[in-house]
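The values are calculated or read from the model by the stated rules, or taken from the named source; none is laboratory data. Since this is a predicted model, take the numbers as computed values, not measurements. Because the Cβ atoms are built from the backbone with ideal geometry, glycine has one as well, and the counts that use them run over all protein chains shown.
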Amino acid sequence: MPGARLCTEHEWERAARGADDRRFPHGDGLAPGDANFDETYGKEIEALAPDEIGSYPQSRSPFGLYDMAGNVWEWTRSSVEPEGTVIRGGGFFRDRLSARASNRAVFDPGFKSISVGVRICASRSHER
């Protein structure tokens, strides 16, 4: 996709929580059936894994985006360190606090894991 790039932290957070400072994409609470985090499958180690994208439609963000809380962390460009990267969104093996839209964790850009994914952003083209 032309213009596709890694989202900035600000873009990612705005997409996840909208303009009303909600804690999670769908509101201020997160129940085990709302997203894929450690309590979703009763903290059973064998059950902790990513779910299919869109498995939790009740937790869509105000902009209609799925899986902005839990499932897998998502890489973003750091808003603090110009060349840095930060993961956002929590993951299937972490608790509900890590799934808050404001949560961030700094990781080395070479880090690889089944628990980390990517969400792509694109700037609007002014040419038609």
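Identify, please: which residue in region 1-26 is under 21 Å from GLY54 (Cβ atoms) and loosely packed, with under 12 Cβ neighbours inside 10 Å and is, among those, modelled with the lowest pLDDT?
MET1
For region 37-53, state whether one or more residues are over 18 Å from ALA122 (Cα atoms), of a type in the set (D, E, K, R) and under 11 Å from the mean Cα position of the chain (by Cα).
There is no residue in region 37-53 that is over 18 Å from ALA122 (Cα atoms), of a type in the set (D, E, K, R) and under 11 Å from the mean Cα position of the chain (by Cα).
Please go through (1) within 17 Å of ASP95 (Cβ to Cβ); (2) at pLDDT 95 or above for PRO57 and return the number of the only condition it doesn't satisfy.
(1)
Do we have ASP95 as more than 11 Å from the chain's Cα centre (by Cα) and among the charged types (D, E, K, R) here?
Yes.
Evaluate region 38-45: report whether one residue or more is under 16 Å from ARG119 (Cα atoms) and at pLDDT 95 or above.
No, region 38-45 contains no residue that is under 16 Å from ARG119 (Cα atoms) and at pLDDT 95 or above.
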